[in-house]
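To start, the structure itself, in structure tokens.
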Amino acid sequence: MDKDRIDGSIKQTAGKIKEAAGRATGDEKLKREGQAERAAGKVQNAVGGVKDAVRDATKK
């Protein structure tokens, strides 16, 4: 498993927490930061998935 996939999952989780905290406190800025962090985590996770696929394909 590529490090980007792990880091991406961590970012997604942190973003979910920030978004929930922002929603609970009414802090729109924190909520938006959480949403942005979740999106960045999804992208990073996808990049890691591509790297894994390429790595697996070249091993065959």
(message) Among the residues of the range 5-60, what is the count of those that are over 10 Å from the mean Cα position of the chain (by Cα) and hydrophobic (A, V, I, L, M, F, W, C)?
(response) 10
(message) Can you go through Ala40, Ala53, Ala57 and tell me which one is modelled with pLDDT of 95 or more and either touching a Lys or Arg at 6+ places or on another chain (Cβ under 6 Å) or not hydroxyl-bearing (Ser, Thr, Tyr) (or both)?
(response) Ala40
(message) hydroxyl-bearing (Ser, Thr, Tyr), under 30 Å from Asp56 (Cβ atoms) and exposed (fewer than 15 other Cβ atoms within 10 Å of the Cβ): is that true of Thr13 in this structure?
(response) yes
(request) Please name all residue pairs, on different chains or six or more residues apart, with Cβ atoms under 6 Å, provided the first residue is in the range 14-32 and is without any contact (Cβ under 8 Å) to a residue 12 or more places away in the chain and the second residue is surrounded by 17 or more Cβ atoms within 10 Å (Cβ to Cβ). (result) Arg23/Lys31
(message) Test of understanding: among Asp52, Asp56, which residue is among the acidic types (Asp, Glu), on the phi < 0 side of the Ramachandran plot and surrounded by 13 or more Cβ atoms within 10 Å (Cβ to Cβ)?
(response) Asp52
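The values are calculated or read from the model by the stated rules, or taken from the named source; none is laboratory data. Everything quoted here is computed from the prediction, not taken from an experiment. Here Cβ is always computed from backbone atoms with ideal geometry, including for glycine, and neighbour counts include all displayed protein chains.
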